[in-house]
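The values are calculated or read from the model by the stated rules, or taken from the named source; none is laboratory data. All values derive from a computational prediction rather than experimental measurement. Methodologically, a virtual Cβ is constructed for each residue, glycine included, from the backbone with ideal geometry; neighbour enumeration extends over all protein chains shown.
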């Protein structure tokens, strides 16, 4: 009986965890954003010729968006600074919002050289810090001050994404994690795609690795 009571307290404690303080963005899953967060999206016009876009897994991924010859990704953004303490130590990234990272993170970016011909890039709503014109530059906040294998406490009442960083996907107490990825084929001619600083794991020039928690 005592063990059951302790287990109940552990579950109740995990459920009571709120999102850390600060302003930031996370990729939007099919289950939607946390209550009160803003939403937005970015449509990227990817390479027209011999397009090799992909999403992994191709069937059964959890991204809210559309994936074909072009990519439409959505974001959930926490626009207020209030929250439940600081982000826990670990190895993961979030997307930057509001001009700076929460305490304990370092910033960086990924720049996609999108399709040059008849470029149809667009955006709407609220989305991560970046430059959104004929090309796409998104800023991130990453940390590696703890082990990805050590469980951290984050809200467990609804699925969410983090970005994979320099290790495996960060473990989150009470959640199952699945690694997913999105590859956006960038411009073939005079390509200027780049990255700098601290940014999510990339398997190649344009494939970004995500961690889905459910």
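Taken together, 57, 102 contain a single residue that is more than 12 Å from the chain's Cα centre (by Cα) and either at pLDDT below 95 or under 14 Å from residue 212 (Cβ atoms) (or both), which is 57. Against the condition modelled with pLDDT of 95 or more and within 17 Å of residue 212 (Cα to Cα), how does residue 43 come out, does it pass? So residue 43 fails the test. Applying the condition of being in contact with a strand residue (DSSP E or B) (Cβ under 8 Å, 6 or more places away or on another chain), part of a loop (DSSP other than H, G, I, E, B) and touching a residue at least 24 places away in the same chain (Cβ under 8 Å) to the range 99-111 and asking which residue is nearest to residue 73 (Cα to Cα) yields 101.
Counting only residues that are closer than 17 Å to residue 75 by Cβ, give me the strands (runs of 3 or more DSSP E) lying completely in the range 112-214 with at least 1 of them. Result: 122-125, 130-132, 136-144, 160-163, 177-183, 207-213. What about residue 126, is it surrounded by fewer than 19 Cβ atoms within 10 Å (Cβ to Cβ), at pLDDT 95 or above and closer than 25 Å to residue 185 by Cβ? Taking the combined requirement at face value, the residue does not satisfy it.
Would you call residue 156 within 17 Å of the chain's Cα centre (by Cα) and surrounded by fewer than 18 Cβ atoms within 10 Å (Cβ to Cβ)? Considered against the rule, which asks whether it is within 17 Å of the chain's Cα centre (by Cα) and surrounded by fewer than 18 Cβ atoms within 10 Å (Cβ to Cβ), residue 156 comes out as no. Here residue 207 fulfils each of the conditions (1) under 28 Å from residue 48 (Cα atoms); (2) out of contact with any strand residue (DSSP E or B) (no Cβ under 6 Å at 6 or more places or on another chain) apart from (2). Taken over the range 60-77, the criterion of being under 19 Å from residue 158 (Cα atoms), at pLDDT 95 or above and out of contact with any strand residue (DSSP E or B) (no Cβ under 6 Å at 6 or more places or on another chain) is satisfied by 63 alone.
Only one of the listed residues (166, 178) is in contact (Cβ under 8 Å) with a residue 24 or more places away in the chain, surrounded by fewer than 18 Cβ atoms within 10 Å (Cβ to Cβ) and closer than 21 Å to residue 54 by Cβ. That residue is 178.
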